[in-house]
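Every number here is computed from the coordinates shown, using simple stated rules; none is lab data. For clarity, every value in this text was computed on a predicted model and none was experimentally measured. Please note: Cβ atoms are built from the backbone with ideal geometry, for glycine as well, and neighbour counts cover all protein chains shown.
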Amino acid sequence: MPDARLIDRLRASRRILVFTGAGVSTASGIPDFRGPGGVWTRRRPVYYEEFLASEEARVEYWDFKSESWDIHQQASPNPVHHAIVALERAGKIVSVVTQNVDGLHLRAGTSRGVLVELHGTDLAVRCLQCGAMSDPAPHIEAFRATRRAPHCECGGALKPATISFGQPLSSEDLERAATAAASADLVLALGSTLSVYPAASIPLVAAGRGTPYIIVNRGATDHDDHPSVTLRLEGDVAAIVPPAVEAALASPASHDEETE
């Protein structure tokens, strides 16, 4: 049975900020980073300064991105992604703020206008010199053929448009996320350990205003003991959230709830 407390919050809310992490994408076959068997158990992260300074580091980074490209291309949005889209179509979403770079929210139908990809996207490549954006596929193919990190026509280094360790987040994306948090009437953190900052500060912006804050995750999060957490549900996001959304949308809020 879906959790009645979650259903009630979803039903009553009109401006939900959904914050998603790797646990939302695992049901699509995309491995997480920090869990057992996660990416960082078999690879080391390449820091941004390393990428800038070392051809060897750039090759290592592109090797990782070549591997993840295949995984992301084979993956499909799962019921959690579709449930979030259903909430948006019901007029209940103010923003979907994600740490994920796989592009599955967009592929599921989340509007670009509400989506904030705080850690960037693997669906584009950016030149670090001229800023030009391009399709990753030909660069992945060229890297596999030559084992050389690709470069732009201008001579600049190319990098998938994701945020690496030590690389600053986009100030525009942070501002969009914070603005949404300032107007949300519910924060729903899904599938995140809430341990990577500044991204994990976004739910707290809303919670600090007294906004109800719900966390759904399998395993501990850094916000579990935060006094602002309204409801903490332990378990598989894909098993908990879609049926709760379906139930909430099947039974609209009462007139009294809508006018509170």
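Working note: Karplus 6.51/-1.76/1.60 with θ = phi - 60° gives segment 71-77 the couplings 4, 5, 5, 7, 7, 10, x Hz, where Gly and Pro are set to x. Taking amide H positions as modeled 1.01 Å from N, with prolines and chain starts lacking one, the residues under 5 Å from residue 19 and 5 or more places away or on another chain are 97, 188, 189, 190.
Projected onto planes of every orientation and averaged, the convex hull of the alpha-carbon atoms in segment 1-140 covers 10.2 nm².
For residue 120, the residues 5 or more places off, or on other chains, whose built amide H falls under 5 Å of its own are 163. Under the criterion of Cα pairs below 8 Å and six or more residues apart, the relative contact order for the chain equals 26 percent. Using alpha carbons only, how many angstrom separate the centre of segment 87-122 from the centre of segment 150-179? Rounded to whole Å, the Cα centres lie 18 Å apart. Only Cα pairs under 8 Å and 6+ residues apart enter the sum, and on that basis the relative contact order of segment 19-126 stands at 27 percent. Mind listing which trypsin sites (Lys or Arg not before Pro) in segment 41-99 are in a DSSP loop and have 15 or fewer other Cβ atoms within 10 Å? The qualifying sites are 42, 43. Amide H contacts of residue 115 (H built 1.01 Å from N, in plane; Pro and chain starts excluded): 96 sit under 5 Å, all sequence-distant by 5 or more or on other chains. With the contact rule set at Cα under 8 Å and sequence spacing of 6 or more, what percent relative contact order holds for segment 90-138? So the answer I get is 33 percent.
Size descriptor for the chain, Kirkwood hydrodynamic radius: 19.2 Å (Cα pairs only, one decimal).
Between 0 and 90 degrees, the angle of helix 79-89 with respect to the longest Cα principal axis of the chain falls at about 60 degrees.
Which translational diffusion coefficient, to the nearest whole µm²/s, is obtained for segment 80-191 from the Stokes-Einstein equation, given a Kirkwood hydrodynamic radius over C-alpha pairs, 37 °C and 0.692 mPa s?
Numbers: Rh = 15.7 Å.
Estimated diffusion coefficient is 210 µm²/s.
When the trypsin sites (Lys or Arg not before Pro) in segment 189-232 are filtered for DSSP coil states and for at most 14 other beta-carbon atoms within 10 Å of their beta-carbon, the remaining sites are 209. Restricting segment 102-169 to GluC sites (Glu not before Pro) that sit in a DSSP loop and have at most 10 other Cβ atoms within 10 Å of their own Cβ leaves 153.
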